[in-house]
Amino acid sequence: MNGSPTCSQSAVFDGIAADVVEQLCYKGRQRSLEAGHRLFDRDEDAVDLMILQEGTVDLVFPLHVLNVTREVAMDRLQPGDVVAWSALVHPYRFTLSAICATRCVLTALSRSTLEDFFETDPQTGHRFMRNLAGVIGRRLEDANDVDA
């Protein structure tokens, strides 16, 4: 199934022309998943960047204490958020696991699709990667926020 232009709600598309965003989003695959579905696990290869359109996704990390391992939620993603940005950041491996906290709809864009698109439109590629760096920076700031 093709993606949807509703993925344009994401911050990675800020400053990119609507027709270009629509063209790129239609190159993606739409995924509808039930609550509890594991999108990916820590240390897996990251191939697809995803834009969350509906629902919520928990990013979790395994915490080991006294021979017991539990997954601890590090962040809860909302519609418009980028899921799996590791697909565009070397070494292309997930550092957290992701689980659908509710029923989710996502648009998945493969790394190769994005790279091919950005090769033909370097200005969009530059803007997208600059926006993605901002998304990553905000996520890191939020993770370090002691008042959260």
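The values are calculated or read from the model by the stated rules, or taken from the named source; none is laboratory data. Predicted model, so just to flag it, every value in this text is computed and none were measured. We place every Cβ from the backbone using ideal geometry, glycine too, and count neighbours over all the protein chains shown.
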Open item on the list: Given the options ARG38, ARG70, name the one that is more than 25 Å from SER8 (Cα to Cα) and out of contact with any His (no Cβ under 7 Å at 6 or more places or on another chain).
Closed with: ARG70
Task: Close pairs from the stretch 108-137: first touching a residue at least 12 places away in the same chain (Cβ under 8 Å) and β-branched (Val, Ile, Thr), partner surrounded by fewer than 17 Cβ atoms within 10 Å (Cβ to Cβ) and assigned to a loop (DSSP other than H, G, I, E, B), Cβ under 7 Å, at least 6 apart - done: THR113/LYS27
TODO: Only residues that are more than 13 Å from LEU109 (Cα to Cα) and either crowded, with 20+ Cβ neighbours inside 10 Å or within 17 Å of the chain's Cα centre (by Cα) (or both): list them for the stretch 14-34, please.
DONE: ASP14, SER32, LEU33
Task: Qualifying residues in the stretch 102-140 (those that are over 17 Å from the mean Cα position of the chain (by Cα) and charged (D, E, K, R)) - the one surrounded by the most Cβ atoms within 10 Å (Cβ to Cβ) - done: ASP121
Task: Filter result (among the hydroxyl-bearing types (Ser, Thr, Tyr) and surrounded by fewer than 18 Cβ atoms within 10 Å (Cβ to Cβ)) within the stretch 48-87 - done: THR56, THR69
TODO: Determine which single condition THR95 fails, assuming it passes every other condition in (1) surrounded by 14 or more Cβ atoms within 10 Å (Cβ to Cβ); (2) of a type in the set (Val, Ile, Thr); (3) assigned to a loop (DSSP other than H, G, I, E, B).
DONE: (1)
Open item on the list: Yes or no: the stretch 56-69 includes at least one residue that is acidic (Asp, Glu), at pLDDT 95 or above and not in a strand (DSSP E or B).
Closed with: no
- [ ] For the stretch 35-53, enumerate the residues that are within 13 Å of the chain's Cα centre (by Cα) and over 18 Å from ARG111 (Cα atoms).
- [x] GLN53
Open item on the list: So the check is Cβ under 6 Å with 6+ separation or different chains; which pairs have a first residue in the stretch 7-31 that's in contact (Cβ under 8 Å) with a residue 24 or more places away in the chain and under 21 Å from ALA133 (Cα atoms) and a second one that's charged (D, E, K, R) and crowded, with 18+ Cβ neighbours inside 10 Å?
Closed with: GLY15/ARG127; ILE16/ARG127
TODO: May I ask you to say which residue of VAL83, VAL72, VAL47, VAL89 is in contact with a Pro (Cβ under 9 Å, 6 or more places away or on another chain) and not polar (S, T, N, Q)?
DONE: VAL72
TODO: Evaluate the stretch 99-121: report whether one residue or more is more than 22 Å from GLU22 (Cβ to Cβ), assigned to a helix (DSSP H, G or I) and of a type in the set (Asp, Glu).
DONE: no
